[in-house]
Amino acid sequence: MVGQIVLLCVIGLLVVLFFVFVPVGLWISAVAANVKVGVFDLVGMRLRRVAPGKIIFPLIKATKAGLTVKVNQLEAHYLAGGNVDRVVNALIAAQRAGMDLSFEKASAIDLAGRDVFEAVKMSVTPKVVETPLISAVAKDGIELLVKARVTVRTNIERLIGGAGEATVLARIGEGIVTTVGSSQTHDEVLENPDEISKLILEKGLDSGTAYEIISIDIADIDIGRNVGANLQSLQAEADNKIAQARAEERRAMAVALEQEMRAAVVQAEAEIPKAMAQALREGHIGVVDYYKLQNVLADTDMKKSIGTGADAYAESKKI
């Protein structure tokens, strides 16, 4: 009697462990969906530390959508760290849209870190991206602030290794600056803003990116600063400072030359007494003549002092 009870307990324990370890519910769901997967396949997933639900439910979804996907493919993608459900959703969306997208390419895009499902949706429904205000200056010096709306869609073939959205916006900004900068006047740009879109599209700015530019529409153009006038004003100010510096240099040179000339005069005046003494010694001038010269100099100094005093007195009267 005791042996039968122990046997029943062991059998019950084995049944419980079987249902815990073997996902019978998933197997029944797979069979009901006409998905060919064995119980031992599910046990193998457990042993390989693969969540069976992450494989079976996407497999059921793919089978119902008419896709031919194998369990080993989904399991390998799961073990590589990919998102199986997202890849299957992308394959279904691509099939419904008539796109040629294989499981290998979809799994490679997913493993590369791209959202393959969003890429497929964006390829079917293009996305509109708005650029920030881009400052560009025409040849007449007037700044224009341009904002553009860019319609892009995903290029599945270039999604792996292709540049992202930021690169597309940067290239469009560069194209706007180049196009506006080549215009003679800002009026030309304001009159024909569609010319900007045409010239940018002709340059093939989407080359090497994961996107294809469908259209570029100029949303807004505002007039900014008169950059040319500001530059001319700064240039004139700089030229003025240069002219002032050169004038100051010439004035300093003139002052230095004047001081040199005064020094030469003082030096020459210092030689006069020596020359007078030499003339007196050699008899070229007499003592009487020397005193007459001194009287003339004294008379001249007196007249200068009288004249200076009269001028000062006249100035004081004016005041």
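Residues in region 130-151 that are open to solvent by 10 Å² or more (accessible area, probe 1.4 Å) and touching a strand residue (DSSP E or B) at 6+ places or on another chain (Cβ under 8 Å): 130, 132, 133, 134, 135, 137, 142, 143, 145, 147, 149, 151. Flag set for residue 266, criterion: in a helix (DSSP H, G or I), of a type in the set (Val, Ile, Thr) and open to solvent by 80 Å² or more (accessible area, probe 1.4 Å).
Residue 56 meets all of the listed conditions (1) in contact with a Phe, Trp or Tyr (Cβ under 9 Å, 6 or more places away or on another chain); (2) modelled with pLDDT under 75 but one, namely (2).
If a residue has to be at pLDDT 85 or above and of a type in the set (A, V, I, L, M, F, W, C) to count, how many in region 224-256 make the cut? Selection size over region 224-256: 10. Evaluated against (1) surrounded by fewer than 16 Cβ atoms within 10 Å (Cβ to Cβ); (2) under 28 Å from residue 70 (Cβ atoms); (3) of a type in the set (S, T, N, Q); (4) touching a residue at least 24 places away in the same chain (Cβ under 8 Å), residue 154 falls short on exactly one condition, (1). For region 227-263, filtering for residues that are open to solvent by 100 Å² or more (accessible area, probe 1.4 Å), closer than 30 Å to residue 143 by Cα and aliphatic (A, V, I, L, M) leaves 2. In region 165-199, the qualifying residues are those that are more than 16 Å from residue 138 (Cα to Cα) and aliphatic (A, V, I, L, M), and the one that is surrounded by the most Cβ atoms within 10 Å (Cβ to Cβ) is 172.
Apart from one condition, residue 215 fits all of (1) closer than 21 Å to residue 136 by Cβ; (2) open to solvent by 70 Å² or more (accessible area, probe 1.4 Å); (3) touching a residue at least 40 places away in the same chain (Cβ under 8 Å); the exception is (2).
The values are calculated or read from the model by the stated rules, or taken from the named source; none is laboratory data. All values reported here derive from a predicted model rather than from experimental measurement. Methodologically, a virtual Cβ is constructed for each residue, glycine included, from the backbone with ideal geometry; neighbour enumeration extends over all protein chains shown. Calculation scope for accessible area: heavy atoms of the full protein, side chains included, ligands and nucleic acids excluded. Shrake-Rupley method; radii C 1.70, N 1.55, O 1.52, S 1.80 Å.
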